[in-house]
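Engineer: The following block contains the structure, expressed as structure tokens.
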């Protein structure tokens, strides 16, 4: 058994477990509003600039346009995002965070930070450093071209995360 197979069989359950406990669904605000990680990613993508079009949202989330539209519809229904026409292009719809959307985004991020902070406080400095180094290496390889020159594991995209801009 190669180290890759052995490591993968140990890593996948750990990643699933960690994301289950650290997802937006674990925050008080996320639970109250029925937010999922996908909805939160979309909310953050809309909030990354001064609004975005449906095409921009689909590209930022690396989703097909119909799925991005469905996620946007869910955020509009929760009064977290609003649609408006583009004054420069009547065919284009622009998504913007509502005041509740902006507050929700900030609150969920704060609640998630508190959750992670509570865990990190119980870890040793060496354990925290090992976690940081490992996650940085994982993200760097996730976004980097393969050694044989093939495309990166993920297609080019930008969720607006600072780590994506610093991953290479």
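Engineer: I'd like to know if region 3-12 contains one or more residues that are farther than 29 Å from residue 118 by Cα, part of a helix (DSSP H, G or I), within 15 Å of the chain's Cα centre (by Cα) and free of Cβ contacts under 8 Å to residues at least 12 places away in the same chain.
Structural biologist: For region 3-12, residues farther than 29 Å from residue 118 by Cα, part of a helix (DSSP H, G or I), within 15 Å of the chain's Cα centre (by Cα) and free of Cβ contacts under 8 Å to residues at least 12 places away in the same chain: absent.
Engineer: Same structure, new question: Please give the number of the condition residue 145 fails out of (1) at pLDDT below 90; (2) in a helix (DSSP H, G or I); (3) not assigned by TED's automatic domain parsing to the domain that holds residue 31.
Structural biologist: Exception for residue 145: condition (2).
Engineer: On to the next question. In region 22-51, how many residues are part of a helix (DSSP H, G or I) and either surrounded by 14 or more Cβ atoms within 10 Å (Cβ to Cβ) or in contact with a helix residue (DSSP H, G or I) (Cβ under 8 Å, 6 or more places away or on another chain) (or both)?
Structural biologist: Here the count works out to 20.
Engineer: Can I ask one more? Got a sec? Which of 98, 69 is touching a strand residue (DSSP E or B) at 6+ places or on another chain (Cβ under 6 Å) and surrounded by fewer than 17 Cβ atoms within 10 Å (Cβ to Cβ)?
Structural biologist: 98
Engineer: Still on this structure, I have one more. Given the residues 101, 134, which is the only one that is part of a helix (DSSP H, G or I) and at pLDDT below 95?
Structural biologist: 134
Engineer: Mind checking which residues of region 98-152 are more than 22 Å from residue 26 (Cα to Cα) and within 17 Å of the chain's Cα centre (by Cα)?
Structural biologist: Scanning region 98-152 gives 136, 138, 139, 140, 142, 143.
Engineer: Moving to a separate point now. Within region 52-81, count every residue that is touching a helix residue (DSSP H, G or I) at 6+ places or on another chain (Cβ under 9 Å) and part of a loop (DSSP other than H, G, I, E, B).
Structural biologist: Total satisfying the criteria: 5.
The values are calculated or read from the model by the stated rules, or taken from the named source; none is laboratory data. Here the structure is a predicted model, which is why all the values come from computation and not from measurement. Counting neighbours? That spans all protein chains shown, and the Cβs are built from the backbone with ideal geometry, glycine included.
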